[in-house]
1. Only one of 265, 258 is modelled with pLDDT of 85 or more, in a loop (DSSP other than H, G, I, E, B) and closer than 26 Å to residue 209 by Cα; which?
2. Test residue 245 against the criterion of being farther than 18 Å from residue 173 by Cα, at pLDDT 85 or above, within 18 Å of the chain's Cα centre (by Cα) and not in a loop (DSSP other than H, G, I, E, B), and give yes or no.
3. Kindly indicate the residue of the range 65-112 that is in contact (Cβ under 8 Å) with a residue 40 or more places away in the chain and in a helix (DSSP H, G or I) and also farthest from residue 11 (Cα to Cα) among those meeting that condition.
4. Look through 103, 140 and report the one residue that is more than 21 Å from residue 276 (Cα to Cα), modelled with pLDDT of 80 or more and not assigned by TED's automatic domain parsing to the domain that holds residue 70.
5. Conditions first: (1) surrounded by 11 or more Cβ atoms within 10 Å (Cβ to Cβ); (2) at pLDDT 85 or above. Residue 118 passes all but one, so which condition is the exception?
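The values are calculated or read from the model by the stated rules, or taken from the named source; none is laboratory data. A quick note: this is a predicted structure, and the numbers were derived from the prediction, not measured. In this analysis, Cβ positions are derived from the backbone assuming ideal geometry, glycine residues included, and neighbour counts consider all displayed protein chains.
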Amino acid sequence: MPRSLFGRLTLILVGGLLAAQIASMWLHMDERALLMQQSLGHLPDLPSHFGRHLLLTVVAVIAVSLVAVRLVTRPLQKLAAAADAFGDDLASPPLPETGPTETRRAAEAFNRMQERLRRLIAERSRALAAVSHDLRTPLTRLRLRAELVDDEALRAQINADIDDMQAMVESTLDYLRGLRESEPVRSIDMEALLQSLVVDQQALGHAATLTGEVVAPYVGRFSALKRALDNLVDNAVKYGQSAHLAVADDAETLRISIEDQGPGIPEADLARVVEPYVRLETSRSRQTGGVGLGLAIAREAAQAHGGDLRLENRPQGGLRATLILPRTAA
């Protein structure tokens, strides 16, 4: 049985018409000759024109079936193409509302959904800009007022709380910014980006290395990928004391693995640790546990490029985080 709707409809239509045609031709044969031959104990040979008639019928039925099924399935193909285009570009044009009643209704429903999504994303972008300004301003005022406190211990506690709030605000804004997906796609020198991350970590005194080679530039969103790799490398040096970056690249997929030498993650928590605001460290301290958005931001960036983020514990100890970026999707 064909897997596509086009193939299944074609098979059903061709099979039905052929069965009807063969039955019709068989019934119109000379019944008396058929009975006579049956009385002698054998069936008659088919007339010579029967094979030609059947061949012409098969060709005609297949041709008509292909045209008919194509007309039926073309609106579905257009709907699928429009959905893919809208996923890549929010400004993609709406579907033309033409054709049969069912096709027009499907196109109208898709266009309404597309418009609602555009409004939702535009409103979220405006809210993001407002939050970015409205939250930073009072935090800055609090920091200035904290300097007026004479008690040094109390002032240090206030500044620590402000730092925690600032970190949570920045992490949340980064996460929302990554979900927005409004950054244009461009060619990225991933080799230079990875080397810069390693050099930055080495300058801070952390153990960081890079092996492998990126064979060609990657087409994607630079800020989203940089933010994702930053978070993965920071997690590796923070919780695993080192970050070893390994690149595996080919014509179809770019894989970037970040390995550390830490305790790893319990197998039961590997799936849920990439969810937003999930923290395995329970002290609630920003210095030891973070906010819980680093891996979620990395996964969102990978999925925005048609890829994924995979976490696994290494047999020799430590965690391996692999960012899978398909080149075909990009």
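1. Exactly one residue qualifies, and that residue is 265.
2. no
3. Of everything passing the filter in the range 65-112, 76 is farthest from residue 11 (Cα to Cα).
4. 140
5. Result: residue 118 fails condition (2) only.
Okay, residues lined up against (1) surrounded by 13 or more Cβ atoms within 10 Å (Cβ to Cβ); (2) over 26 Å from the mean Cα position of the chain (by Cα):
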position: 83; (1), (2): yes, no
position: 87; (1), (2): no, no
position: 108; (1), (2): yes, no
position: 112; (1), (2): no, no
position: 146; (1), (2): yes, yes
position: 151; (1), (2): no, yes
